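Asks: Dumping the structure here so I can ask a few things about it.
The numbers here are math on the coordinates, done by the rules we state, and not lab data. Since the model is a prediction, treat every value here as computed from it, not as a measurement. Cβ atoms come from the backbone with ideal geometry, glycine included; neighbour counts cover every protein chain shown.
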Amino acid sequence: MNKDNTKSKPINFHQVPPKLWRLLKKHLPKASKKVGPGRPRVQDRNVMNGIWFILWTGCQWKAVDSDWFHVSSSTLHRRFQIWQQTGVFDKLFKVMVRYYARECGIGWKWQSIDSKMVPAPLGGGKTGKNPTDRAKSGAKIHILVDERGAPLAIHITGANQHDKWSLDDLVIHIAVKRPHSEQHLCADKGYDSADIHEFVKEQRYVPHIKHRRRRNEPKIEDCPIPGEKSYPARRWVVERTLGWLAKRRSIKIRWSKKPENWLAFLKLASAHILLCLILG
């Protein structure tokens with residue numbers, strides 16, 4: 001398997017992949033029957049192609065020309081809002097996780113969690129002052145992946161929220177039921193605290209959390225991390241998945257004021273990553 005599956009094939013920014021569309025269209029709300037004269041209803045496929053274009057390019061809704069996808073920018077945005085509110089993108093993500101589990105088998109033994117801060121210039125819900133970017137408005141993506149980097153759970157917060165407060169949202173809301181087998185969870189030192197270690201063990205994980213060196217503590221070679229020598233760190237897997245997500249400009253910079261809209265884009269992007277892993 002390639003280290004970066006998204007490099008194997010060129011991405012068409014103007015058309016949602018046919019396989020992804022076939023799975024998504026099953027969850028779209030039924031259109032009401034047209035009564036009386038007026039313009040015909042825009043095809044859902046055209047609307048989805050426009051949403052796909054915005055996901056990749058990060059352009060504004062009103063910047064989408066009606067000739068590009070044969071749909072006006074207002075219709076495009078309105079249909080996206082309806083689909084987001086009816087849970088279309090959330091259902092697609094869960095369906096893709098189950099599809100990935102059936103086709104590839106989830107690599108439960110080694111899982112990784114991490115977060116990524118992104119700018120949020122327009123502010124909005126679930127944003128906060130970014131402590132690493134001169135207190136500018138930002139948001140944070142939290143993600144849990146399997147040993148191949150497949151997204152299993154996604155959560156968003158403000159940039160000023162500590163990583164450890166989102167761990168339970170990730171672990172408890174994994175899209176499929178976890179088996180009763182040996183499972184390891186890798187995380188960086190942002191999750192190194194006594195309560196997190198305890199919670200991870202309660203959730204039937206073997207924790208592999210990078211040790212945060214405290215003041216007056218001996219150097220790391222004098223204070224080895226339990227299990228680190230026997231089980232090398234696999235945090236790079238989740239960092240690679242966050243890099244895949246960041247290729248999409250609507251993810252790299254959060255332009256959506258509504259957090260639920262940005263989360264919808266994240267779940268659509270994650271569904272595509274799962275499809276890429278399935279197809280190889």
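Asks: Just for the Cα atoms in the range 23-79, what are the lengths along the principal axes, largest first, rounded to whole Å?
Replies: The Cα atoms of the range 23-79 stretch 36, 27, 15 Å along the principal axes, largest first.
Asks: Still on this model: Using packing as a proxy for protection, rank 117-128, 52-63 so that the peptide with the highest average count of other Cβ atoms within 10 Å comes first.
Replies: So the peptides 117-128, 52-63, ranked by packing, come out 117-128, 52-63.
Asks: Turning to a different aspect of this structure: Put a dot 7 Å past each Cα toward the Cβ at R249 and H70; how far apart are the dots in nm?
Replies: Spacing of the two 7 Å Cα→Cβ label points: 2.6 nm.
Asks: Long-range amide H contacts for D114: which residues qualify at under 5 Å (H placed 1.01 Å from N, peptide plane, sequence gap of 5 or more or a different chain)?
Replies: Close amide H contacts, sequence-distant or interchain: I143.
Asks: Positive end of the charge dipole of the range 106-253 (Lys, Arg +1 and Asp, Glu -1 on Cβ, about the Cα centre): tell me which of G125, W108, H208 has its Cα farthest that way.
Replies: G125
Asks: Check A153: other-chain or 5+ apart residues with amide H under 5 Å from its amide H, H built from backbone geometry?
Replies: Amide H neighbours of A153: L144.
Asks: Restricting things to Cα coordinates, could you compute the convex hull volume per residue of the range 98-188 in Å³?
Replies: Measuring per residue, one finds 104 Å³ for the Cα hull of the range 98-188.
Asks: Provide Rg over Rh for the chain; use the alpha carbon set for both Rg and the Kirkwood Rh (inverse mean inverse pair distance).
Replies: On the way: Rg = 20.4 Å, Rh = 20.2 Å.
Rg/Rh for the chain comes to 1.01.
Asks: So, one more: Considering amide H positions built from the backbone, and no H for Pro or chain starts, which residues 5 or more places from H211, or on another chain, come under 5 Å of its amide H?
Replies: Under 5 Å from the amide H of H211 lies no amide H from a residue far enough along the sequence or on another chain.
Asks: How many percent of DSSP beta bridges within the range 106-253 run antiparallel, rounded to 5? Can you show the working numbers first?
Replies: On the way: 17 of 24 bridges.
About 70 percent, rounded to the nearest 5.
Asks: Still on this model: Which whole DSSP H helices in the chain pass both tests: a Cα extent of 15 Å or more along the axis and a mean Kyte-Doolittle value no lower than -0.5?
Replies: Numbers: long enough: 44-57 (20 Å, 0.27); 73-85 (18 Å, -1.14); 88-103 (22 Å, -0.04); 235-246 (17 Å, 0.20); 259-279 (30 Å, 1.38).
Length and hydropathy pass: 44-57, 88-103, 235-246, 259-279.
Asks: Extending each Cα 7 Å along its Cβ direction at W21 and D133, get the distance between those two points in nm, one decimal.
Replies: 3.3
Asks: Between the range 114-182 and the range 239-280, what's the alpha-carbon centroid distance in Å?
Replies: Cα centroid of the range 114-182 versus Cα centroid of the range 239-280: 12 Å apart.
Asks: Right, next: Using only the alpha carbon atoms of the range 106-253, find the Kirkwood hydrodynamic radius as the inverse mean reciprocal pair distance, in angstroms to one decimal.
Replies: On the way: mean 1/r = 0.0619 Å⁻¹.
Kirkwood radius, the range 106-253: 16.2 Å.
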